[in-house]
Structures are given as structure tokens and as C-alpha cells.
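Shown next, in C-alpha cells, is the structure this report addresses.
Please treat every number below as a calculation from the coordinates, not as lab data. It should be emphasised that the depicted structure is a prediction, and the values quoted were computed from it without experimental measurement. Cβ atoms come from the backbone with ideal geometry, glycine included; neighbour counts cover every protein chain shown.
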Amino acid sequence: MTDAEQMLWHRIRRKQIHGVQFYRQKPLLAYIVDFYCPAAKLVVELDGSQHAESVHLAKDQTRDVALAGLGLRVLRFDNRQVLLETEAVLSVIDEMVRARRET
């Protein structure tokens with residue numbers, strides 16, 4: 001795991017957000033997602049700098065559309081954001097879990 005993945009995993013594992021389980025490196029369709037919360041139908045992806053390149057952006061968009069076809073919501077954060085703005089990232093994840101569990 002990258003440093004960002006380790007940091008986030010430490011904060012979301014063991015049902016720390018609204019008592020829901022997150023899994024890491026979860027196979028979904030033909031992809032392996034970074035983090036997956038089935039109770040909220042939520043995928044969290046952490047992206048390195050290479051994801052800013054056009055070829056990666058296109059692949060990420062295709063992947064996100066495919067996962068959305070399963071009723072999943074994909075949240076994307078870059079590694080730097082996770083490392084420097086951890087609480088803000090966790091707040092977005094917390095809000096998304098809460099909102100998706102209410103529907």
C-alpha cells in the first residue's frame with residue numbers, strides 16, 4: 001500500500017465510520033478497487049500523480065461508469081490530498097456513507 005492508502009485504511013477499517021465495513025483491494029467486475037463499502041455501495045479510489053495524464057483519466061472514467069452501472073458511487077482523492085487534508089477527506093467519506101445509507 002502507498003503511504004496515503006495506509007493512512008486512510010487506518011482511519012476507515014474496523015467499522016470506524018458509521019459502523020460500516022470497508023474492504024481494501026476488492027475485486028469488482030474486471031477491476032480491483034482501493035476501498036469498498038458494500039453497505040453504502042461506495043468505492044473510494046486513491047490516485048497517484050499519473051492519474052492526471054489523459055490516458056489514465058479516460059481509463060478512470062470508463063471504470064467509474066462501469067462501477068456506477070452496479071449502483072456504486074466512486075469517490076476519488078489524490079494521494080497528496082489524503083496525506084495533507086486527511087480530516088477533510090474523511091469528512092467527505094463520512095457524509096457519503098451517511099447519505100447513501102439513508103436512501
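For the pair residue 14 and residue 94, a Förster radius of 22 Å applied to the C-beta separation gives a FRET efficiency near 0.90, rounded to the nearest 0.05.
In this structure, the amide hydrogen of residue 85, modeled 1.01 Å from its nitrogen in the peptide plane, lies closer than 5 angstrom to no residue at least 5 positions away or on a different chain. Taking the number of Cβ atoms within 10 Å of each Cβ as an exposure proxy, the fewest-first ranking of 7, 1 is 1, 7. Sorted fewest first by neighbouring Cβ atoms within 10 angstrom, 23, 36 come out as 23, 36.
Across the stretch 59-103, the residues whose backbone nitrogen lies under 19 Å from the label position 7 Å along the beta-carbon direction of residue 23 are 64, 66-75, 97, 101.
Test of understanding: ordering 54, 91 by Cβ neighbours within 10 Å, fewest first, what list do you get?
54, 91
With a ≥ b ≥ c taken as the square roots of the eigenvalues of the C-alpha gyration tensor of the stretch 31-103, please select rounded if a/c is under 1.5 and otherwise prolate if a/b is larger than b/c or oblate if it is not? Oblate shape, in that a/c is at least 1.5 and b/c is the bigger or equal ratio. Karplus-based coupling profile of the stretch 26-31, in residue order and whole Hz: 9, x, 9, 6, 9, 10, with θ = phi - 60° in 6.51 cos²θ - 1.76 cosθ + 1.60 and x standing for Gly or Pro. Label sites at residue 68 and residue 85, each approximated as a point 7 angstrom past Cα along Cα to Cβ, lie 2.1 nm apart.
Taking 0.36 nm per residue of separation and subtracting the current Cα-Cα distance, fully stretching the chain between residue 60 and residue 76 would add 4.8 nm. For the stretch 1-78, the set of GluC sites (Glu not before Pro) satisfying both a DSSP loop assignment and a count of at most 14 other C-beta atoms within 10 Å is given as 53.
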